Number of protein chains: 2
Amino acid sequence: MALVVQKYGGSSLETAERIRRVAERIVETKKAGHEVVVVCSAMGDTTDELLDLAQQVAPAPPAREMDMLLTAGERISNALVAMAIHSLGAEARSFTGSQAGVVTTGAHGNARIIDVTPSRVREALDEGTIVLVAGFQGVSQDSKDVTTLGRGGSDTTAVALAAALEADVCEIYSDVAGVYTADPRVVPNAQKLEQVSYEEMLELAATGAKVLMLRCVEYARRYNVPVHVRSSYSDKVGTYIYGSMEDIPLEKAILTGVAHDRSEAKVTVVGIPDEPGYAAKVFRAVADAEINIDMVLQNVSKVETGKTDITFTLPRSEGAGAVELLTKRQGDIGFSKVVYDDHIGKVSLVGAGMKSHPGVTATFCEALADAGINIDLISTSEIRISVLVKDTDLDEAVQVLHRAFDLGGDEVAVVHAGTGR
Amino acid sequence: MALVVQKYGGSSLETAERIRRVAERIVETKKAGHEVVVVCSAMGDTTDELLDLAQQVAPAPPAREMDMLLTAGERISNALVAMAIHSLGAEARSFTGSQAGVVTTGAHGNARIIDVTPSRVREALDEGTIVLVAGFQGVSQDSKDVTTLGRGGSDTTAVALAAALEADVCEIYSDVAGVYTADPRVVPNAQKLEQVSYEEMLELAATGAKVLMLRCVEYARRYNVPVHVRSSYSDKVGTYIYGSMEDIPLEKAILTGVAHDRSEAKVTVVGIPDEPGYAAKVFRAVADAEINIDMVLQNVSKVETGKTDITFTLPRSEGAGAVELLTKRQGDIGFSKVVYDDHIGKVSLVGAGMKSHPGVTATFCEALADAGINIDLISTSEIRISVLVKDTDLDEAVQVLHRAFDLGGDEVAVVHAGTGR
């Protein structure tokens, strides 16, 4: 008997019919002799509808009330799945995040899990019941208020529960059949990966792969939770995420895949004095505004002027704010102008195999050059190369890199639309 | 400074526009210098939509999960009202029933409030915040599960909070402007009453007046909470419910109003041996099935047969079940047949004035007789006369009684459609 945590995304729960199908799968798992804990996202468009309602009553709703509002969505879906399980003749009990012992920080809208004390879940499992836990939500340690975990929060709930319950596996069901060597919508012959190490998955998540959110992978890695990403619509095996890159024998280390990200913009601060402390002023200003920057490049100083340029990327949604902020502090920091560009895209190659294959960077650059794609900015880690290109070149960049590193398969991948949370 | 508890029904919260209007009223009350606690029902049709979803996934959903599902509705409306208040520049914090300390029995779908320990509410009020509490819901004392209070539950939440917080008044806002001498849809010149004692309101609620549910009035009476029933759409004073009938001087005691009820059916058990114990068997069988009976009549025994008939009324929704139950036990109980009639209606006259006016029953019966309306069954209390008539005669019965006791005013009452919970 194993303990299995299953997480179902919103599109898998969009209609009564889909809820019944999810319930069937849950009951099958139970009948196979396993203990089952299920985490559900809100049904289909519920969250968007609630956000829309909030917008109608208040232009800038307080985060605490937003959390109270949005958590209703998971409550509804979990109760409905419990009912559907019940109607199949099995026992099920649903719990809110708070009831399941998901204790978080007080950062409404983007709380982090501090601790999971699932005593009521454990008790219910001991009584032979299937347990449902509302994803994406918890209770603040200090104020006892309802909190939400931010994007991808339900995945994190599932992994955190799996860790606390010492589950054998955490299955993430969605409309995506697994982790692919590239987005199958961009690269039709992208292949599903059988297994990915935590480190590689972290890099993929950080560079735009939407299968799992970064925070969820971090949690799985820290507590060593085996994660199985798979499709809600078939019984096929998906992708297992487990194991450290360190444990992969060098000769087996491969290149995992190509990720891309369309959500960033580029800011260039032109004409900064090339003296100690000036670059720091720029980044301090941005950091104080809680803007997360990603790639950074400082140009070589022009000898004749003694000035330099600093370029960084950041989420496009925060671009306007950053420009406004920097412009306000132009005199203080001392630069000549700010240039903003949101027509960019980032493409990344990830894989433990990079460590043992020194020619990767060369092949990477050659492949893009051969396609006439200009590289704007490069950043690398031990197992990743990322470059910035023009947004109109992004799809082609993904395709040529995928081909250059021979990542494709013979079959065309099946794609479903939609995202979960 | 007073402490005011305000309760808003679902139709007052049906759209974002209405929610903003409710928020304005709440903020006005706060600005007038009062402490304000607000209890909201679920928005408009939310509950029906959730019930419909439940029906789609499971034909007979378990009550525990039904409660988890339905309580999402109040969570949504309370959070939205808090946001709307916030956007008007005032502070507001919403709490679930559980967070507000509403402790109930474990009877899912129909729980009773055992205790209210509103320490978090009190704390928030002390910080100068407007407090919102999700109505209709609580937490079970034993299992710590989410419970609901059954029909009219949000009114009960409001009155129970008012009692626990020792509020100065509990205002019930809905599409009804107050308590009327009769349903204005049946009697156009029905008058709004200024004040009604708890006992009279209990009798009105028990005999079909839908303004307040029986349980809510019982709670208000027990804890002596002044209740003000008024319209969400105007600033006019509604009806105050407070004070005991005992405190009304005899000469001021009046007839309060005429209530009617279309929701009952009549069961007649024919040919029961007129010997001790046989009637008890009938009522024990019905009670064991948790069917609530209302009016009861045992006919005089026919001398020639030594048999008698027993007639009782019950909610129409439980009629079929009761007939089936009795038919099954026919041999055991020993009667000749069961007759079922759901073409009935009940009309009641209520008022403390009845005690001091001995001619009331005579006038009552004469009025109906003059209109050619046959009385099927009579039941009385100290301050109420109720009779059963044919359903097709019900409206006319209400009208002639209202006229006979001179309860009408000169104006035509304003009627809004809809009900709250």
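The values are calculated or read from the model by the stated rules, or taken from the named source; none is laboratory data. These figures come from a predicted structure and were not determined experimentally. Because the Cβ atoms are built from the backbone with ideal geometry, glycine has one as well, and the counts that use them run over all protein chains shown. For accessibility, only protein heavy atoms count, side chains too; no ligands or nucleic acids. Shrake-Rupley method; radii C 1.70, N 1.55, O 1.52, S 1.80 Å.
Odds and ends about this structure:
- In the condition set (1) in contact with an Asp or Glu (Cβ under 9 Å, 6 or more places away or on another chain); (2) at the interface with chain B (Cβ under 7 Å from one of its Cβ atoms); (3) open to solvent by 10 Å² or more (accessible area, probe 1.4 Å), A:Thr105 is compliant with all but (2).
- In segment A:105-157, the residues that are touching a Phe, Trp or Tyr at 6+ places or on another chain (Cβ under 7 Å) and of a type in the set (S, T, N, Q): A:Thr148, A:Ser154, A:Thr156, A:Thr157
- When B:Thr71, B:Thr29, B:Thr117, B:Thr15 are checked against the criterion of being facing chain A (nearest Cβ under 9 Å), under 17 Å from B:Ala158 (Cβ atoms) and polar (S, T, N, Q), a single residue qualifies: B:Thr71.
- Residues (touching a strand residue (DSSP E or B) at 6+ places or on another chain (Cβ under 6 Å) and either of a type in the set (D, E, K, R) or outside any strand (DSSP E or B) (or both)) located in segment B:14-48: B:Val22, B:Ile26, B:Thr29, B:Lys30, B:His34, B:Glu35
- Of the residues making up segment A:267-289, one or more are surrounded by fewer than 14 Cβ atoms within 10 Å (Cβ to Cβ), at positive phi and assigned to a loop (DSSP other than H, G, I, E, B).
- When B:Ala205 is tested against (1) open to solvent by 30 Å² or more (accessible area, probe 1.4 Å); (2) not in a loop (DSSP other than H, G, I, E, B), exactly one condition is not met: (1).
- In the condition set (1) more than 10 Å from chain A (Cβ to nearest Cβ); (2) touching a residue at least 60 places away in the same chain (Cβ under 8 Å); (3) crowded, with 22+ Cβ neighbours inside 10 Å, B:Ala111 is compliant with all but (2).
- Any hit, segment B:183-195, residues being in contact (Cβ under 8 Å) with a residue 40 or more places away in the chain, outside any loop (DSSP other than H, G, I, E, B) and surrounded by 24 or more Cβ atoms within 10 Å (Cβ to Cβ): no
- Within segment A:38-50, considering residues that are free of Cβ contacts under 8 Å to residues at least 40 places away in the same chain and either under 21 Å from the mean Cα position of the chain (by Cα) or open to solvent by less than 40 Å² (accessible area, probe 1.4 Å) (or both), the one nearest to the other protein chains (Cβ to nearest Cβ): A:Leu50
- Under the condition of being assigned to a loop (DSSP other than H, G, I, E, B) and modelled with pLDDT of 90 or more, the residues counted in segment B:348-375 number 6.
- Restricting segment A:137-180 to residues that are within 14 Å of chain B (Cβ to nearest Cβ) and part of a loop (DSSP other than H, G, I, E, B), the residue that is least open to solvent (accessible area, probe 1.4 Å): A:Asp145
- Hits in segment B:292-314 - residues which are in contact (Cβ under 8 Å) with a residue 24 or more places away in the chain, open to solvent by 40 Å² or more (accessible area, probe 1.4 Å) and not in a loop (DSSP other than H, G, I, E, B): B:Val296, B:Leu297, B:Lys307
- Residue list for segment B:231-247, filter: assigned to a strand (DSSP E or B), out of contact with any Leu (no Cβ under 7 Å at 6 or more places or on another chain) and not aromatic (Phe, Trp, Tyr): B:Ser231, B:Ile241
- Filter pass, B:Glu65 being modelled with pLDDT of 95 or more, more than 10 Å from chain A (Cβ to nearest Cβ) and part of a helix (DSSP H, G or I): no
- Qualifying residue in segment B:77-96 (condition: within 20 Å of A:Val139 (Cβ to Cβ) and either surrounded by fewer than 19 Cβ atoms within 10 Å (Cβ to Cβ) or more than 9 Å from every other protein chain (Cβ to nearest Cβ) (or both)): no
- Condition broken by B:Gly334, with the remaining ones in (1) on the phi > 0 side of the Ramachandran plot; (2) under 31 Å from the mean Cα position of the chain (by Cα) satisfied: (2)
- Filter pass, A:Asp67 being under 30 Å from B:Glu91 (Cβ atoms), touching an Asp or Glu at 6+ places or on another chain (Cβ under 8 Å) and of a type in the set (Asp, Glu): yes
- Selected residue (criterion: farthest from B:Cys216 (Cα to Cα)) from residues of segment B:102-136 that are outside any strand (DSSP E or B) and of a type in the set (Asp, Glu): B:Glu127
- Restricting attention to segment B:51-62, the residues being in a helix (DSSP H, G or I) and either under 18 Å from B:Leu149 (Cβ atoms) or at the interface with chain A (Cβ under 7 Å from one of its Cβ atoms) (or both) number 5.
- The set of residues from segment A:116-140 being over 19 Å from A:Tyr8 (Cα atoms) and among the polar types (S, T, N, Q) comprises A:Thr117, A:Ser119, A:Ser140.
- Unmet criterion (only one of (1) in contact with a strand residue (DSSP E or B) (Cβ under 8 Å, 6 or more places away or on another chain); (2) modelled with pLDDT of 95 or more) for A:Gly128: (1)
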